[in-house]
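Everything on this sheet refers to the single structure shown next.
The values are calculated or read from the model by the stated rules, or taken from the named source; none is laboratory data. Just so it is clear, the model here is predicted, and its values are computed rather than measured. A quick note on method: Cβ atoms are made from the backbone with ideal geometry, for glycine too, and the neighbour counts reach across all protein chains shown.
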């Protein structure tokens, strides 16, 4: 009986057969835990009408699982060394397309609207990959494996330790939920950190608001400083910020981490109003 791809010995054999070693620069830690694989698949909720894109398929452990449930899987792999092994493990699957390219340059327009992104993401590029996906207008759901600290920031809300600019901006686009943690021993080779599976349901029809995002980034620039000081350093007149905060019933000493997404949107509206009044 053929050993499953979640077997460490099978992964080691594949790597040896193709003369490969995991490359840290690509964040290559191959999932070898069947329960984690099942949790990812269940969270994705795929059916035979679904198109799913997977970034960094590696040896195809997750790819094979996705192909068993989705109509079409686009596996996007940057490391050309892995392509022969990936081709071997997916050779019998007629609903898998392998693309040799950089996921950061992926053209989402090739996907039908309502597609899914399911991937064990390299830690060093997880943030831009997720933002590209949620802003694409093509992805309705993401199920991603990321470093646990990143996952906590993705799900964080006001009052949580990990709450910051990315929590607010990602929350504008999607609702995040941590499905479960995944221990280092579930990977080959094991990483030095614990990972988490996160599901994101993307809000339909939401266009990026660059002014809002810039305001949020400015507000969180120096976490120990007040919102007023941070915005002042970014070029907003302190007096106008004071007026805007007063209109919202907020203390001028408030910090960015005390404001929700809705309050940041309200603050942007008040700053625009105050600016218009000052100009008049």
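From the list 202, 179, which residue is within 19 Å of residue 127 (Cα to Cα) and under 12 Å from the mean Cα position of the chain (by Cα)? Don't jump to the end; show me each part of the working.
Values: 179 fails: under 12 Å from the mean Cα position of the chain (by Cα).
Only one candidate qualifies: 202.
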Answer yes or no: is there a residue in segment 220-234 that is within 23 Å of residue 151 (Cα to Cα), buried (at least 16 other Cβ atoms within 10 Å of the Cβ) and touching a residue at least 12 places away in the same chain (Cβ under 8 Å). yes
So, residue 218, is that one at pLDDT 95 or above, closer than 20 Å to residue 132 by Cβ and either out of contact with any strand residue (DSSP E or B) (no Cβ under 6 Å at 6 or more places or on another chain) or not assigned by TED's automatic domain parsing to the domain that holds residue 119 (or both) or not? no
Residue within segment 190-207 that is farther than 28 Å from residue 137 by Cβ, touching a residue at least 24 places away in the same chain (Cβ under 8 Å) and out of contact with any strand residue (DSSP E or B) (no Cβ under 9 Å at 6 or more places or on another chain) present: yes
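Can you pull out the residues in segment 5-38 that are exposed (fewer than 14 other Cβ atoms within 10 Å of the Cβ) and more than 19 Å from residue 77 (Cβ to Cβ)? I'd like the intermediate steps shown before the answer.
Just the residues of segment 5-38 that are exposed (fewer than 14 other Cβ atoms within 10 Å of the Cβ), to begin with: 9, 13, 16-17, 19, 21, 23-25, 35, 38.
Residues satisfying the conditions are 9, 13, 16, 35, 38.
Given the criteria touching a strand residue (DSSP E or B) at 6+ places or on another chain (Cβ under 6 Å) and assigned by TED's automatic domain parsing to the domain that holds residue 177, does residue 103 qualify?
Details: touching a strand residue (DSSP E or B) at 6+ places or on another chain (Cβ under 6 Å): yes; assigned by TED's automatic domain parsing to the domain that holds residue 177: yes.
Considered against the rule, which asks whether it is touching a strand residue (DSSP E or B) at 6+ places or on another chain (Cβ under 6 Å) and assigned by TED's automatic domain parsing to the domain that holds residue 177, residue 103 comes out as yes.
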May I ask you to list the residues in segment 188-204 that are surrounded by fewer than 22 Cβ atoms within 10 Å (Cβ to Cβ) and within 20 Å of residue 11 (Cα to Cα)? 189, 190, 191, 192
Being in contact (Cβ under 8 Å) with a residue 12 or more places away in the chain, more than 25 Å from residue 198 (Cα to Cα) and surrounded by 15 or more Cβ atoms within 10 Å (Cβ to Cβ) narrows it down to one of 67, 75, 119, 85, so name that one. 85
So which of 265, 211 is modelled with pLDDT of 95 or more, exposed (fewer than 13 other Cβ atoms within 10 Å of the Cβ), closer than 30 Å to residue 140 by Cα and touching a helix residue (DSSP H, G or I) at 6+ places or on another chain (Cβ under 9 Å)? 211
Test each condition in (1) surrounded by fewer than 23 Cβ atoms within 10 Å (Cβ to Cβ); (2) farther than 21 Å from residue 150 by Cα for residue 41 and report the one that comes out false. (2)
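I'd like the full set of residues that are under 25 Å from the mean Cα position of the chain (by Cα), under 23 Å from residue 69 (Cα atoms) and outside any helix (DSSP H, G or I), limited to segment 6-43. Quick ask: steps written out before the conclusion?
Quick first cut of segment 6-43, residues under 25 Å from the mean Cα position of the chain (by Cα) only: 6, 22-43.
Filter once more, keeping what is under 23 Å from residue 69 (Cα atoms): 6, 30-43.
Listed by number, the residues that qualify are 6, 30, 31, 32, 33.
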Segment 159-187, subset in contact (Cβ under 8 Å) with a residue 60 or more places away in the chain, assigned to a strand (DSSP E or B) and touching a helix residue (DSSP H, G or I) at 6+ places or on another chain (Cβ under 7 Å), residue surrounded by the most Cβ atoms within 10 Å (Cβ to Cβ): 182
